[in-house]
Amino acid sequence: MGISKEKGKVWMNGKLIPWEDAKIHIASHVIHYGTSIFEGMRAYDTPKGVAIFRLRDHVERLYNSCKIYRMEIPYSKEEFEKAIIETVKANNKKSCYIRPIVYRGMNSLGVNPFPNPVEAAILVLDWGKYLGEEALEKGVDVKVSSWQRMAPNTFPALAKAGANYMNSQLIKMEAIIDGYSEGIALNVRGHVSEGSGENIFIVKNGILYTPPLSSSILPGITRDTVIKLAQDIGLVVKEDTIPREALYIADEVFFTGSAAEITPVRSIDKIIIGNGKRGKITERLQKEFFAYINGEREDKYNWLTYI
Ligand code: PPE
């Protein structure tokens, strides 16, 4: 998303400051070694006011990612949640995308991160449809990437670390240059993993399948949302390893993510998926999902935090 015209306030190390003042030093550890952990979530405009979707779960994942990388956030989870709410309020936005980031600042150059302070910031942005305006209705054309997702003993996939997105960038660039909207990565064992910034589901004979956490995926919060909403309407969901070719013969395929929401996939490697349009089950799940996030359903899982 273009952010050069953003103006509002950024929360940085405990203070709300103007967008243009939210800067870090070039010698910061994060610049040299990719030492950052981040989150991405959305707030939606509901009839009862602006609500952040699954705030607690995103903050929980942020703290888990930091724990994996031995980064101690100098705020409690409650303080961090309050800071996110405060930043959304300060920016007077209705629907928006929220990007908290924790990173190692400046003190000492060299791989050893420990001497560097753990700092934090929260950005609030306008962010439209992740894979294009028509994507949610028409679906997107994607390819299986020649790049794999990181092996389990290299970068921990369960952590939402900035450095993981160098791998995502390779997948995304290859897809764009080859004329696709997105790339699907396999893991090192050749099983389906995820998109550069989305989890993936397939539908076959009425059953939903999605790769398990052991397939080198981010534990997506939208993935979890879709699993619960699907089960609520009586669908069977299986977390199972997915061979590449199961993508081609699936009845429906879709991506999930905070930015991507639920985006149908209409072709993979130029093979048409199902009838080449958004599938019936995908459409039904979108309906349930959007009704929930827009506050049109009872909030039975306590997923909406009104600001
Ligand atoms: N896998 C990856 C690699 C990923 O980056 C995301 C989110 C997901 C799965 C879905 O996770 P969740 O948002 O919890 O459902 N990607 C974020 C950033 C995308 C970006 O371009 O930046 C997002 O959707 O906010």
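The values are calculated or read from the model by the stated rules, or taken from the named source; none is laboratory data. Please read all numbers here as calculations on a predicted model, not as lab measurements. Glycine gets a Cβ as well: all are built from the backbone with ideal geometry, and neighbour counts include every protein chain shown. Side chains included, ligands, DNA and RNA excluded: accessible areas come from the protein's heavy atoms. Shrake-Rupley method; radii C 1.70, N 1.55, O 1.52, S 1.80 Å.
Only residues that are farther than 22 Å from Leu62 by Cβ, open to solvent by 70 Å² or more (accessible area, probe 1.4 Å) and of a type outside the set (Lys, Arg) were counted across the range 3-31, and they come to 5. Scan the range 166-188 for residues that are farther than 15 Å from Ile268 by Cβ and in contact (Cβ under 8 Å) with a residue 12 or more places away in the chain and the total you get is 8. For the range 64-81, does any single residue satisfy the condition of being within 23 Å of the chain's Cα centre (by Cα), of a type in the set (A, V, I, L, M) and open to solvent by 30 Å² or more (accessible area, probe 1.4 Å)? Taking every residue of the range 64-81 in turn, at least one turns out to be within 23 Å of the chain's Cα centre (by Cα), of a type in the set (A, V, I, L, M) and open to solvent by 30 Å² or more (accessible area, probe 1.4 Å). Note on the range 198-220: among residues that are open to solvent by 40 Å² or more (accessible area, probe 1.4 Å) and touching a helix residue (DSSP H, G or I) at 6+ places or on another chain (Cβ under 9 Å), the one that is nearest to the ligand (Cβ to nearest atom) is Tyr209.
Counted as qualifying within the range 128-197 are the strands (runs of 3 or more DSSP E) with 2 or more residues that are open to solvent by less than 20 Å² (accessible area, probe 1.4 Å) and within 14 Å of the ligand (Cβ to nearest atom), namely 182-186, 192-195.
Yes/no per residue for (1) under 16 Å from Ser36 (Cα atoms); (2) open to solvent by less than 70 Å² (accessible area, probe 1.4 Å); (3) modelled with pLDDT of 95 or more:
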| residue | (1), (2), (3) |
| --- | --- |
| Lys93 | no, yes, no |
| Ile101 | yes, yes, yes |
| Val111 | yes, no, yes |
| Ala120 | yes, yes, yes |
| Val124 | no, yes, yes |
